[in-house]
Amino acid sequence: MAAARSTATNPARPRGPFATAADDDPDPLDDASDVDDSEADDGSADPPGFVDRFVLPVVWFVAVLLIAAGAAGLLGGMDHPPGTAGRVELTWDTDRRITPALDDAAKDLSALSIQVDQLTDSGRHVLTALTARNATSLGESIAGGSALEAVIVEQALAMRGRLEALPVSGQNPALRVSPIQLARHKVALQALDATKGIESAWSRLVTGSTTAARLMTVLADHDTTMARAATQGVAQAYADAVVTIAEARSILAQAVTLRTQLANTTNVSTLDQWVALNTAYDNALDALYKAFVASRGKVTQEVSAAFAAQEAAKARLPPDSRSLVVIMAEISQGGLNQAVIAIDQAGQQLAHSLESMPDS
């Protein structure tokens with residue numbers, strides 16, 4: 001029975017013809033050895049220990065965390081490419097050199113904005129002087145505004161030169177300059193762009209107002225000359241009066257030339273009416289005095305007809321100088337007013353650009 005149990009339990013050890021009696025002895029130690037070998041051969045393992053159950057999972061978990069952290073760092077680096085706020089070490093040197101220049105540009109632009117506002121005020125004073133037919137005030141306003149306009153143009157040109165000299169151009173400026181400094185540089189140039197039309201606008205205002213001032217003088221000279229001719233006629237100096245009227249006609253021709261220059265930019269309808277009425281009166285008075293010269297001072301049928309025509313022309317004349325005020329107002333409200341508006345809009349654009357400039 002013992003031999004049979006041993007053979008069944010350990011089939012790897014069959015009985016052979018040379019088996020001894022000892023092989024039939026059921027030795028407990030030998031059986032234990034057989035049992036251990038049998039269990040090993042069955043592929044069974046010891047229960048998992050502390051290292052397998054606790055240490056290895058922790059090691060793997062830490063490894064996963066390290067890999068994830070490395071990937072996050074790589075992505076973070078991709079989110080901050082060179083030239084962005086996340087890579088200030090690449091732009092620090094250039095920023096350090098251009099920031100003071102941009103700070104100075106912001107201050108200079110603020111001062112320039114004030115000067116443009118002052119130029120707008122000077123333009124309004126020009127229009128007011130024209131409407132009031134105040135030649136002295138007009139001359140002073142033009143002179144003061146012209147000096148201020150020259151300063152504005154010169155300073156704007158100098159500022160543009162300094163800004164364009166800064167190392168912010170070329171290929172990939174974002175690799176050398178931080179976004180905020182690039183934005184400040186761009187806004188500063190945009191602010192200067194607003195001043196480009198100031199020179200031409202002021203030139204239009206000066207040219208137009210100078211022409212209008214000349215017209216104002218011409219119209220006044222014409223009236224004065226015709227008044228002198230009428231005085232000569234009353235004194236029966238008809239021949240002298242005819243010469244004086246010819247002078248007045250020449251002056252009126254100058255007004256027509258000035259009118260043509262103004263017609264491109266302003267409303268001259270009232271001026272046209274004034275010229276037409278005064279031309280008719282000048283012709284009628286001239287005809288009357290020539291009739292007197294021909295009749296040697298006697299009232300003839302020709303003299304009577306000329307006198308009636310002269311009275312009718314005189315009745316159609318403006319009763320006072322209010323028409324001259326209207327003429328100057330129309331000239332001021334036309335192209336000259338648009339020139340002042342253009343300067344004012346330039347100042348507004350300049351101020352708006354300054355408000356949008358980022359702080360350093």
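Zone of Val325 (label point 7 Å along Cα→Cβ, backbone N under 14 Å): which residues in segment 116-131?
129-131
Which of Phe292, Phe307 comes first, and how do the rest follow, when ranked by fewest Cβ neighbours within 10 Å?
Ordered from fewest to most neighbouring Cβ atoms within 10 Å, Phe292, Phe307 come out as Phe307, Phe292.
Would you please calculate the Kirkwood hydrodynamic radius of segment 212-338 over all C-alpha pairs and express it in Å, rounded to one decimal?
15.4 Å
Among Val234, Val326, Val187, Val126, which comes first, then next, by fewest other beta-carbon atoms within 10 Å?
By the 10 Å Cβ count, ascending: Val234, Val326, Val187, Val126.
For each of Arg97, Arg124, count neighbouring Cβ atoms within 10 Å of the residue's Cβ, then give the residues from fewest to most.
So the residues, fewest neighbours to most, are Arg97, Arg124.
Equivalent-ellipsoid semi-axes (√(5λ), Cα gyration tensor) for segment 258-329, whole Å, largest first?
They are 33, 12, 8 Å, listed from largest to smallest.
Nearest 20 debye, what's the magnitude of the dipole of segment 95-198 about its Cα centre given +1 on Lys and Arg Cβ and -1 on Asp and Glu Cβ?
340 debye
Rg(Cα) of segment 145-296 divided by 2.2 N^0.38 Å?
Cα-based Rg divided by the globular estimate yields 1.94.
Every number in this text was worked out from the coordinates using simple rules, so none of it is lab data. Fair warning: this is a prediction, and the values are worked out from it, not measured in the lab. Positions of Cβ are generated from backbone atoms using ideal geometry, with glycine treated the same way; all protein chains shown enter the neighbour counts.
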